[in-house]
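Let me begin by presenting the structure, written as structure tokens, before commenting on it.
The values are calculated or read from the model by the stated rules, or taken from the named source; none is laboratory data. These figures come from a predicted structure and were not determined experimentally. Positions of Cβ are backbone-derived with ideal geometry, glycine not excepted, and every protein chain shown enters the neighbour counts.
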Amino acid sequence: MSAEESPFKGKTGAQRVLNALGYSLDGLGAGWKNEAAFRQVSMLAVVGIIIAFIAPLHAWARAVVIASHLLTVIVELLNSAVEAAVDHTSLERHVLAKRAKDLGSAAQLICLINLAAMWLLGIFGA
């Protein structure tokens, strides 16, 4: 889709970057205000990242643990976006709506398992 086809795609350069920053901050605010799971993984990330800096981890382990924490936050934002889009489309129960929401939840579960594995690797690994 070109810029001429959408009224939302007309900005370029610094104005586009500023608009994108505003939308991103709006998204973070909406996630914090409306999504308990986002608040939970965000707080887990804050605590985990602080511990990662304090704990006697190798630099590679610290980086992997921090990246894994940030990944859980990213996936929760995407999961919440899928849920909001599905709910906007229809609040009726539908097998595809359930599948979409379950897939987002599964992605977050895998991220959390990865996070635990990276902490274990960082603490007990070489």
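Name the single residue, out of those in the range 22-66 being within 17 Å of Leu78 (Cβ to Cβ), in contact with a Phe, Trp or Tyr (Cβ under 8 Å, 6 or more places away or on another chain) and of a type outside the set (Phe, Trp, Tyr), that is surrounded by the fewest Cβ atoms within 10 Å (Cβ to Cβ). So, considering only residues that are within 17 Å of Leu78 (Cβ to Cβ), in contact with a Phe, Trp or Tyr (Cβ under 8 Å, 6 or more places away or on another chain) and of a type outside the set (Phe, Trp, Tyr), the one surrounded by the fewest Cβ atoms within 10 Å (Cβ to Cβ) is Arg39.
Selection within the range 86-102: residues that are in contact (Cβ under 8 Å) with a residue 12 or more places away in the chain and surrounded by fewer than 18 Cβ atoms within 10 Å (Cβ to Cβ). The member of this set that is nearest to Val47 (Cα to Cα) is Lys101. The set of residues from the range 9-46 being in contact with a helix residue (DSSP H, G or I) (Cβ under 9 Å, 6 or more places away or on another chain) and either among the acidic types (Asp, Glu) or in a loop (DSSP other than H, G, I, E, B) (or both) comprises Lys9, Gly10, Lys11, Thr12, Glu35. Please verify whether Ala106 is more than 24 Å from Asp26 (Cβ to Cβ), outside the structural domain of Asp26 (by TED's automatic domain parsing) and in a helix (DSSP H, G or I), treating the condition exactly as stated. Judged against the criteria, Ala106 is a match. Condition test on Ala126, is it more than 29 Å from Tyr23 (Cβ to Cβ) and at pLDDT below 95? Considered against the rule, which asks whether it is more than 29 Å from Tyr23 (Cβ to Cβ) and at pLDDT below 95, Ala126 comes out as yes. When the test is whether a residue is of a type in the set (A, V, I, L, M) and either in contact with an Asp or Glu (Cβ under 9 Å, 6 or more places away or on another chain) or over 16 Å from Gly31 (Cβ atoms) (or both), Ala55 passes it.
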